[in-house]
């Protein structure tokens, strides 16, 4: 996953949180479930992984929990909706330097209190905010390798207190899919 894809996913899928400009504390999101819909391109029964085409140029590999029985009935071409557990932690870090994404999956812990889920993927990166347009929910940022990007922010409250020059650390975590349903 490129830095652009990582940060875009993190900012677009972030749930409500405030980010005071002078805070050095992380503001964790609540664990949230998101639904991804698309067409099944591949089913790997040995790893319980679905490759789901969500747009003409986008696919996602999704690992499905063992207790999701409908997985055994899914086949290539099926239109499905998958419910995933995701969380995003965002923190303004004064004095920090932008960094390329770092895979922190080996040290990640699941936020699922039932113990049924596990972290499949966790990435952390630090970017510099270049501008914030609250009227259009847009944020422009620069990555550690000087790539400049503008993205729509899914939750407007994420922009509260954010300003140009802030260095933002984002941790994006995805856990195992908890539900799969055929599209209607």
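Brief remarks on what is shown
- Residue 105 paired with residue 121, simple spin-label distance in nm, labels 7 Å along Cα-to-beta-carbon: 0.8
- Quick note on the range 44-184: its Rg to Rh ratio, both from C-alpha atoms and Rh being the Kirkwood radius, is 1.03.
- You can think of it this way: the chain between residue 145 and residue 41 has 34.1 nm of extra reach, that is 0.36 nm per residue less the Cα-Cα gap.
- Here the spin labels are modelled as points 7 Å beyond Cα on the Cα-Cβ line, and at residue 133 and residue 33 they lie 3.5 nm apart.
- Virtual paramagnetic centre 7 Å along Cα→Cβ of residue 93, amide N under 11 Å, in the range 150-184: 167-171
Bear in mind that the values in this text are calculations on the coordinates, not laboratory data. Fair warning: this is a prediction, and the values are worked out from it, not measured in the lab. Don't worry about glycine lacking a Cβ; one is built from the backbone with ideal geometry, like all the others, and counts go over all protein chains shown.
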